[in-house]
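This report refers to the structure that appears directly beneath it.
Rule-based calculations on the coordinates, nothing more; no lab input. If you're wondering where the values come from, they're calculated on a predicted model, not measured in any experiment. A quick note on method: Cβ atoms are made from the backbone with ideal geometry, for glycine too, and the neighbour counts reach across all protein chains shown.
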Amino acid sequence: MWREIFFFELDFRLKQLSTYIFGIILFLFGFLLVNILGGAFSAVSVSIISGGERVFLNSAFVNTTLMERVSIFLIFIIASFVSSMLSRDMENKAYYFFFTKPISKWSYITARFFANMLLVGVINLMMVLGMFIAFYMPWIEGEYFMKPQLLNYLTPLTHIIIPNIILIGSILLGVFLITKKSAYVYVASFFILTAYLIGRNYIGNIENRLVASLIDPFGISALSEVTRLWSVAQRNTQPIPLIGLLLWNRIIWVGIGIIILCLCVVKFNLKWISTDNSKTKKASKKIAVPEDFVIPPIRYGLTTSIRQFFTMLTFNLRLIFKSFPLYLLTICGIAFTVLIVIQHGTIYNTRTLPVTYNVAEAIALSIPLLMFLIITLYTGELSWKSKDFKYDGFLDSTPTSNLSFYLSKLTALIILQIFLLTTFIVAGLVYQTARGYTEYELNTYISLLFGINMPYYIIATILCLFIHEIIGNKYAAHFVFIAIFLLQPLTEQMGLHHTLLQFNTTPRVVFSDINSLGNNLTGYIWFTIYWSFLAILIVYFTVINRRRGKNDFSFQRLWGRMKYRNNYIFAVVILFLFVLTGGYIFYNTNVLNAYMSPKRAERAAAEFERKFSEYADLAQPKITDVNLKVDIYPCSRDIHYQGTYSLQNKTADPIQEIHVMVPCSVEKKKLLFDREHRLTVKDEDFGYYIFEFTDPLMPNELINLDFAASIISRGFSLSENSFINKNGTFIHSTYFPSIGYNDRFEILSPRTRKRYDLPDKKPFREIDDPAGLSRNYVSHDADWITYEAVISTSEEQTVLTSGDLIRNWSDGGRNYFHYKLNGIMVNYYAILSAKYSVQKEIFNDIDIEIYYHDKHDYNIDRMMNGVKQSLTYYENAFGPYPHNVLRIAEFPRYGSFAQSLATLIPFSESIGFIADIRKDKVDYPFMVTAHEVAHQWWVHQVIGANVKGALTLAEAITQYSALMVMKNEFSRDLFRQQLLYDLTRYLAGRSSESREENPVYLDEGQQYIHYSKGAMVFYGLSQYIGEDTLNNALKRFVADKRYQEPPYTTTLELFEYINIPDSLQYLLDDSFMKITLYDNSIKDAVKTKNDDGTYTVNAVISTAKYYSDGLGNTEKAELNDWIEVVVYDRVFGGGGSISRPIYSEYLRFTEEETELSITVSSNPTKIGIDPDYKLINMMPYNNTIELK
Amino acid sequence: MKKIMTVISMLAMIVVLSAEQSLWEKAMEIAAENWNWIPRLTTTTSETKNLKSQELEGSTELVVKHNLYEGIIINELVTSSINGQEESLEEASKRYIEILQRDNTPTRSGMFFHVPGEEFTLKNNGKDKQISGFDCIGFDFSYRDEESKKKSSGTVWLDKKSGAPILKEFSPDKNPRFVTGIDMIMHYHYNPDNGEWYAKTVDSNVHISAMGRKMISNTTVSYSEHWRYHN
């Protein structure tokens, strides 16, 4: 009988349209995905997977990563199959037939379950098929794919998808059997999906990776644990091994799935359906109709329609709000939101304060899933209620207008959304209060959630109602709706970049305490109007096409209804308004402002390079002095500037022509040299101008360039300028003219370069390249400049830029500021203008000033402390600070970074000003401050040549310097935590390298190298040779290279300053010149108490050293290295306990396994090999062990 | 004449009140100057007696060392004994874990950092006493601790000359469960020559009534080898 039921179920499913819809959608999804990855749409960057351009796009690793994400879809397909599997027996009363036959419950449940799950698997295979077929498409860039191997497609199925189908299916079946309602199956789907998302966010943070890998039901954590530190080479060649943690995870969770299934069957009772008939009993009571009953006269008209509307609205609202799953989903949604809110804005594991915009934004980020599920569920319920309960025929025959039917549903669903958003706002307020934050800003909640988010959901609801009207199957409609919104991001990857073409998409509005709703608000409003007109059209077609009775969709009927009473005129008017609004938007985004799709920008960059790169090495004069006059108009968001550059011919030859580049975004450009010249090339498309001189500029001769231009804001655009703001303007020197060809505009991606037939290009020149040595890495057109600026702004704002404030005055309702730098600086500066509060202190004769938004005074003392401690350490270690003033200035959170310019550190409001620093958390406002202050030495005094390793000099030493300041400020545990963070960032970074990993001294701008590994190896070196020894070397280096003229210095020159004993020479080579990885771990350790009260620790230590090439191919290296071994005891205090080193020695290790016996005086609790990460350990979590 | 007397008495009251005020201000200044003293050693001895039979129920002695390690004041167990028997440090560490984990970082908190007001009342009780060679004047107080939110009241004795608190006798307003009364006396060390001031000993008598038995526990906590914590 099992077989018969199994095939009956298969046969039934195969006759359902929804099965094919699911299959086709997944097939298309797989097909599109590979096409996008394979460059069919020539999108600029595809960041669907991490792994870089060197990872084959159909390797087992990539396929598994993609399919793991697609398993999100499967939850809804499984939910749809499971809920209809048994509910249709209820709806069709088929259970009378089934349960009177000699069918065992095992057969009844398991045969149908496995038939459905088999189909889910087959539907998933359709995606695999789509991916597989796509590879053979002629337009696919084949070199990024390996020869397809069946195993690479099947292992994701066997390792991830099939076990997950069994698990999810069993859980959902259990839920259905307990609740007997399909709504609860969707609630459970949401729970599972939430668990999946939480898992992705949180499990990665659990330090105990063994536990993390086993408790994750979907195997994601175990999978990433197995592949986490794979090199590019491994990602390309290795199949996903079903071993270790991944194997155990799968066994555990498939086992749990099967147990749940068995329990479902055991608990299942064949009388199960007929027992739930309390309502039926009630309904079966006969209603006696009085004999004198007279049907009241019915008046048709607006009043009747309004009354009908309210009656149906009340009915619908009752249906929604009496539904228990709604509250379950809301509670689950709130729990999920709280988790997101807690994590939102977290940096270095340190949370932000629950300021209102942060909480509101986290709510907005966390609710889409819930909102879509609720929209799907309740739109389905309202649309299909009458059909499910078989009274649709009666209802459709009543004299009720389609519009009343429709509006009652839509209004009920909008009220539902208002209820949900209000609930979330209340939850947000409770969360803020719980964390002791009481500066509530209800208007921020309302504007962000109701103003910015809600229109999106209303339009989505309108689409959902339309889909349910068009597709005659509830579950298929559910899936199609969810699929549309999940697949929508792919439209951009397919080349539909313009927001006008992406349904229900608007420019992103980012709230900032400094600049409120920002510059995208106008664009947002217009786009919302535009999509609203389309939504009205959808409403029109949904209403006019409403099926009454058993009719199927028919164009004839649709056209007939459109013609009735000239209904079509309404549609035409709305269509006209839709097109008109679209036209106005287009005028703003494409005519008033320049719109460039990523593809066009890419093409333009290629054309620019082809046209002008021949001038890349052309000798040009260098800027030596910058004098600016800038007028900022925050209200209109305009800037007018004029200025003068002094240029000097620093070459040995005369210069006949000067090339000037001016950003295309500036207008009314004027360029004038103070000697006779002729404009020979004027390329307005690229802002490239070539001036030829009658008399060439002789060596050392000076020339002045006067310039003027304006930056005018007009209408609204898609790439809204976020630098010129009503409050919080922050512009860089890139807005001003530059001299010579600038290769920063060239395309870097090897794959894209190939697409445009551009020659290979490395991000940085070779370390001994003469052209690279002739300029510094920050500025191609200047060495060191003097700088002076007079800048005006509106009367309530303050202007900040590099230099001393010489004078400040007001005139004509505007504020003027005259700044002049004492000394010289690199040619990179910025101008900020905002309403500021300020905290000032004088420290070591240096004016320290912190300018901040008046509400953001939470961490100013920490930053001030950071500046003072940094100045103290750096002046002592590297030499004097060269200026009189050092300022920190807050800017709006459109950028999340801080940067260091001469005397000025712009600092984003999102990375420190609202950090919630607790005792055991990384004080990153302090840390970032220490980093940026260090740049005042490492960039603003010593700068590397524009060759490989430039950023090691700029960023690695800077971060090392900051680490040293932090070491004095942070506890040992916190400092170690920071080192571990850097190490894991390096290891993860090298796994997704898109080019080749370089050794530290040849870093090519790879952040994971210069920020993370670079800082770590400098720190490690300082611990091996002594902090003072290294700092003295750096001090001498600064003294020699300070404000150096070309040729600029390199990392190789730096190493000549470091005196290192012969015994440690290998360390310098391994750390900086090679890619060296250690695998050091404590295999076993025990302690015994000796008679004299001392303790002996016996440990087995495993050590290994590997050298890696740029692709991650490793080979074992001979080990003869000094590695630190530390034994700790545990001491108490400060509200907890901490580990204290009681034994610390550098021991020479030569063997793979070493047995050690160490005697210590107090009770040891832990032993570690290189516990403070002075070496690069590729398995960083096994280097310490608690003692038994 | 009556009027003159009234004026004189009012003036006298003002003088007395302002003298009290200035004495307390001096006490606060001394506390502010000496907020960061940490004892190197804390010795706690405790004896519990049955009130009815006057028999010794038990005694403990605990010595804890306080050192600075990476900015944290760590608490290390030196010795521990129960009823005269020394116990292993491992065992004692488990038993006294809460005491050991305690955050002993000095803060500028406590009644000596407050001006009398709503949560803290202070009144001269008109009594004089010589304590440890200092001529002291007594002030009755009632104080609610900011952190623990617990209220206590008693008498604090200030050196008439310098205002330095020399002794504090006090009891909590609310007793813990099974405790019927607590009396505490805190002795302070004060050196007028260099201004050093810190807590020296705390004697406490705790009356316990549980399961029909009445007991008294006498505890003395002595602080020694003081050093300054620099924040």
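The mean of 1/r over all distinct Cα pairs in the protein assembly as shown, once inverted, gives the Kirkwood hydrodynamic radius of 37.9 Å. Taken as Cα centroids, the range A:1146-1164 and the range A:461-511 sit 62 Å apart, rounded to the nearest whole angstrom. Only the Cβ atoms of Lys and Arg (+1) and of Asp and Glu (-1) were treated as charged; on that basis the dipole of the range B:2-228 about its Cα centre amounts to roughly 940 debye.
Can you tell me how the range A:1077-1144 classifies by the Cα gyration tensor, rounded, prolate or oblate, using a/c under 1.5 as the rounded cut? Prolate is the answer for the range A:1077-1144, as a/c is 1.5 or above and a/b outweighs b/c. Taking amide H atoms as placed 1.01 Å from N in the peptide plane, the amide H of A:ASN520 lies under 5 Å from those of A:VAL510, each 5 or more residues away in sequence or on another chain.
Cα centroids of the range B:78-96 and the range A:624-675: how far apart, whole angstrom? Between the Cα centre of the range B:78-96 and that of the range A:624-675, the gap is 79 Å.
When each of A:ASP388, A:ASP1028 is scored by the number of other beta-carbon atoms lying within 10 Å, the sequence from fewest to most is A:ASP1028, A:ASP388. The distance from the alpha carbon centre of the range A:567-608 to that of the range A:238-264 is 51 Å, rounded to a whole number. The mean count of C-beta atoms from other chains within 10 Å of the C-beta of residues in B:67-77, rounded to a whole number, is 5.
In loop segments of the range A:110-191 as defined by DSSP, the trypsin sites (Lys or Arg not before Pro) with at most 16 further C-beta atoms inside 10 Å of their C-beta are A:LYS180.
The mean sequence separation of alpha-carbon pairs under 8 Å and at least six residues apart, normalised by the residue count of the range B:2-228, gives a relative contact order of 20 percent. Among the helices of chain A (complete DSSP H runs), which have Cα atoms covering no less than 27 Å along the helix axis and a Kyte-Doolittle mean of at least 0.5? Span-like helices in chain A: A:17-37, A:60-91, A:112-135, A:182-202, A:244-267, A:302-321, A:324-343, A:356-388, A:402-434, A:474-493, A:521-544. Within the straight-line cut-off of under 30 Å between alpha carbons, the lysines reachable from A:LYS921 are A:LYS840, A:LYS855, A:LYS868, A:LYS967, A:LYS1013, A:LYS1166, A:LYS1174, A:LYS1188, B:LYS65, B:LYS94, B:LYS149, B:LYS150, sequence neighbours fewer than 8 places apart in one chain being disregarded.
Rounded to the nearest Hz, the phi-derived 3J(HN,Hα) couplings of the range B:174-179 under the Karplus curve 6.51 cos²θ - 1.76 cosθ + 1.60 (θ = phi - 60°) are 10, 8, x, 4, 6, 9, where x marks glycine and proline.
Mean partner shielding of peptide A:1126-1137, defined as the number of other chain Cβ atoms within 10 Å of each residue Cβ, is 6. A cut-off of 5 Å between modelled amide H atoms, ignoring neighbours fewer than 5 places along the same chain, links B:GLU196 with B:ASN191.
Residues B:TYR69, A:TYR475, ranked from the fewest to the most other C-beta atoms within 10 Å, line up as B:TYR69, A:TYR475.
Taking amide hydrogens as placed 1.01 Å from N in the peptide plane, the amide H of A:ILE739 sits under 5 Å from those of A:MET661, each at least 5 positions away in sequence or on another chain.
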